Every structure is written in structure tokens, then in C-alpha cells.
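> This is the structure, below, for whatever I ask next.
The values are calculated or read from the model by the stated rules, or taken from the named source; none is laboratory data. Values in this document were obtained by computation on a predicted structure and should not be read as measured data. Methodologically, a virtual Cβ is constructed for each residue, glycine included, from the backbone with ideal geometry; neighbour enumeration extends over all protein chains shown. Side chains are part of the model used for accessible areas, which takes the heavy atoms of the whole protein and leaves out ligands, DNA and RNA. Shrake-Rupley method; radii C 1.70, N 1.55, O 1.52, S 1.80 Å.
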Amino acid sequence: MNSYPAFREVFAPREGDSRASAVQTGPLVRVRRRLPSVGPDAALDVQLESVLDGVRSVVGAAGGGLDDIARVTFLLREVKDRGTLNDVWSRWFPDPENRPPHKYVPAEIPGGYQVMVDALAVLDGHRRTLKIPGVEHRDPMAMGARLGNLVFSSRLFAAESGLERQFAVLLDQARALMAAAGGDLSGLTQVTVFAPTPESAAAMERLIRDHWAEADTRPALHVLVTDLGGTPTPRMEVVGVVPDSPDGPDPDPDPDPDENPTGS
């Protein structure tokens, strides 16, 4: 049985930077605000390759590998550059059945760079990519993954009109994702909403607080107003915990072959 430190800083030093590269709590490793190791004038694909290589090095210094990566957040100066991101991501994780979820968000990047990365890894040795029957992204983006007893989603989305209907669809997707991982909505520990306007952000926050009326059972809630491009509807990201399986990872769910996938 693996033994993990209660807490430690992880060092994967690079020239000119002696700061800790990540922190580890038990099997969870958090890499935060990783910049490329190439110059800021390098092409975006080169910068993306560099930050992903940096994440791999940091997770490796903690004793893990690519199969332990649980979620990657790309902070991009321009989210319209996600086509380049898709190409690089597909090279790093060519198997859609074994991809960690990821997302891209707009941000100001220091040093003139075009990209910066946050990443989470769980030193579990077995990542199981999760699917939601009938739902998939147009980008090469997994809907979610389970590592150990932790569940991470990419952005859930709803194209329906009307915020109440959109929230209901997002909640159904979160429920399906947690079920695929072997749990249910009671295991959600965090819900993050990306809303296109302050008005939709306020409405989504109200709907979530109404759904989880008891504060002590409500997951941690973050509501962000941001433009992610594409259809201007709220998206949602979740993190959760599921019961440990005594027999190892749960088998993959059997999606409904009659469902037609939709894209976001």
C-alpha cells in the first residue's frame, strides 16, 4: 500500500528558478501557475509543449507520471487560440479513452507569455476517463476522470434556452458523471460556474443555492464571469469524492448506443 506525505513541497528546479514547483498533500499534487521554460517570443505551440513538459517533470518529481494527471487548466491570453491547444493536447493524449479533463480560460499572463498552466495530479496509477452518454465536446476534451476516489470534470455545458433549463441540464450531467464514477451528487465537493454576464452569474448562483438549500450539504461554490467564446451560455465544472471500491476501479459504464452525441 502506498504511503504519501501529509504535506510537502515538490521541487523540480529549472535554471534561474529555485521556487517549489508544486505542493503535495497525500496523493494529491497541485502544480500552480506554471510558465513555459522557453522564451515569451516562442510560438504558442512551443509554449504549450513547454508547459506540459514542465507539468510532466513536476509530477515525475513527486513520483508520478502522465497517467496520474487529473485535470489541467490552461490560462490563455487569447481563448481563440484553442485550435492550437487542441492540436498539442491531442499529441500529448492521443487516446480519447485515457485523457484527463482540461479547460481553457482567458487570463492576463505575466512576462509576455501566451499561456500558463495549473494542474492537479493524483498519484493513483490508474486514471479512468468518464463519459456522459449522449454528450461530448467538439474539442478533444474528456468530460471527466476518476483517480482513486476523486472525480474531476471538464466544463459541462447546456445549449438549451432559459437559465433554469440550462441549470437542470448541467445538474443532470453532473449527476451522470458522478454515477459513472460510482457515486452521486452528494459527493460533490466543489462547483464552479463560468457565466457570460453578471446577470446570468447571479441567476446561476441563486439556482445552485436553492438546490442545495442546506449550507452544510452544499459544495463549495465559485461563480466567475468570463467570456469563453462560442455560445454565450453558462458552463459548470465539478469536483467530487466517491466511495472507495474494495475491488479496484469500477468498470466503465455502458453508454446508450442510441444516443446521438452533441457538441460544445
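> Of all residues in the stretch 74-102, count the ones that are surrounded by fewer than 19 Cβ atoms within 10 Å (Cβ to Cβ) and either acidic (Asp, Glu) or outside any helix (DSSP H, G or I) (or both).
Summing the residues that are surrounded by fewer than 19 Cβ atoms within 10 Å (Cβ to Cβ) and either acidic (Asp, Glu) or outside any helix (DSSP H, G or I) (or both) in the stretch 74-102 gives 7.
> Also, I was wondering about something else. Do we have Arg165 as surrounded by fewer than 17 Cβ atoms within 10 Å (Cβ to Cβ) and without any contact (Cβ under 8 Å) to a residue 24 or more places away in the chain here? Write out each step before concluding.
Details: surrounded by fewer than 17 Cβ atoms within 10 Å (Cβ to Cβ): yes; without any contact (Cβ under 8 Å) to a residue 24 or more places away in the chain: yes.
Answer is yes for this residue.
> What are the pairs, 6+ residues apart or on separate chains, where a residue within the stretch 29-44 that is closer than 19 Å to Arg56 by Cα has its Cβ under 6 Å from a residue that is among the β-branched types (Val, Ile, Thr) and open to solvent by 40 Å² or more (accessible area, probe 1.4 Å)?
Listed by first residue and then by second, the contacts come to Arg30/Val23; Val38/Val46; Leu44/Thr84.
> Within the stretch 225-234, does at least one residue satisfy the condition of being of a type in the set (D, E, K, R) and touching a residue at least 40 places away in the same chain (Cβ under 8 Å)?
Yes, the stretch 225-234 contains a residue that is of a type in the set (D, E, K, R) and touching a residue at least 40 places away in the same chain (Cβ under 8 Å).
> Among the residues of the stretch 1-40, count how many are open to solvent by 20 Å² or more (accessible area, probe 1.4 Å), closer than 21 Å to Phe152 by Cα and in contact with a Phe, Trp or Tyr (Cβ under 9 Å, 6 or more places away or on another chain).
Number of matching residues: 4.
> Filter the stretch 41-73 down to residues that are farther than 18 Å from Ala20 by Cα and β-branched (Val, Ile, Thr) and give me whichever is surrounded by the most Cβ atoms within 10 Å (Cβ to Cβ).
Among them, the one singled out is Ile69.
> Which residues, taken from the stretch 108-126, are modelled with pLDDT of 95 or more and under 17 Å from the mean Cα position of the chain (by Cα)?
Matches in the stretch 108-126: Val115, Met116, Val117, Asp118, Ala119, Leu120, Ala121, Val122, Leu123.
> In the stretch 187-201, what residues are outside any strand (DSSP E or B) and open to solvent by less than 60 Å² (accessible area, probe 1.4 Å)?
We begin by selecting, within the stretch 187-201, every residue outside any strand (DSSP E or B); these are 187, 196-201.
Gly187, Pro196, Thr197, Ser200, Ala201 - these are the residues of the stretch 187-201 that are outside any strand (DSSP E or B) and open to solvent by less than 60 Å² (accessible area, probe 1.4 Å).
> Still on this structure, I have one more. Counting only residues that are surrounded by fewer than 24 Cβ atoms within 10 Å (Cβ to Cβ) and in contact (Cβ under 8 Å) with a residue 60 or more places away in the chain, which one in the stretch 140-154 is farthest from Ser90 (Cα to Cα)?
Step by step, filter the stretch 140-154, then rank; the result is Asn149.
> If the Cβ limit is 7 Å and pairs must be 6+ apart or interchain, which residue in the stretch 60-80 that is β-branched (Val, Ile, Thr) pairs with which residue that is surrounded by fewer than 16 Cβ atoms within 10 Å (Cβ to Cβ)?
Val79/Pro106; Val79/Gly229
> So, one more: Name the single residue that is nearest to Val79 (Cα to Cα) among those in the stretch 106-121 being part of a strand (DSSP E or B) and open to solvent by 20 Å² or more (accessible area, probe 1.4 Å). Reasoning before the result, please.
The first filter runs over the stretch 106-121 and keeps only residues part of a strand (DSSP E or B), leaving 106, 115-121.
Next, from what is left, pick out any that are open to solvent by 20 Å² or more (accessible area, probe 1.4 Å): 106, 118, 120.
Working: Pro106: 6, Asp118: 16, Leu120: 21 Å.
Looking at residues that are part of a strand (DSSP E or B) and open to solvent by 20 Å² or more (accessible area, probe 1.4 Å), I get Pro106.
> Cβ-Cβ under 6 Å, sequence separation 6+ or interchain: first residue in the stretch 94-114 and under 17 Å from Gly229 (Cβ atoms) and touching a residue at least 60 places away in the same chain (Cβ under 8 Å), partner open to solvent by less than 50 Å² (accessible area, probe 1.4 Å) and small (Gly, Ala, Ser). Which pairs?
Lys103/Ser154
> Checking Ala145 against (1) outside any helix (DSSP H, G or I); (2) modelled with pLDDT of 95 or more; (3) within 16 Å of Pro234 (Cβ to Cβ), which single condition isn't satisfied?
(3)
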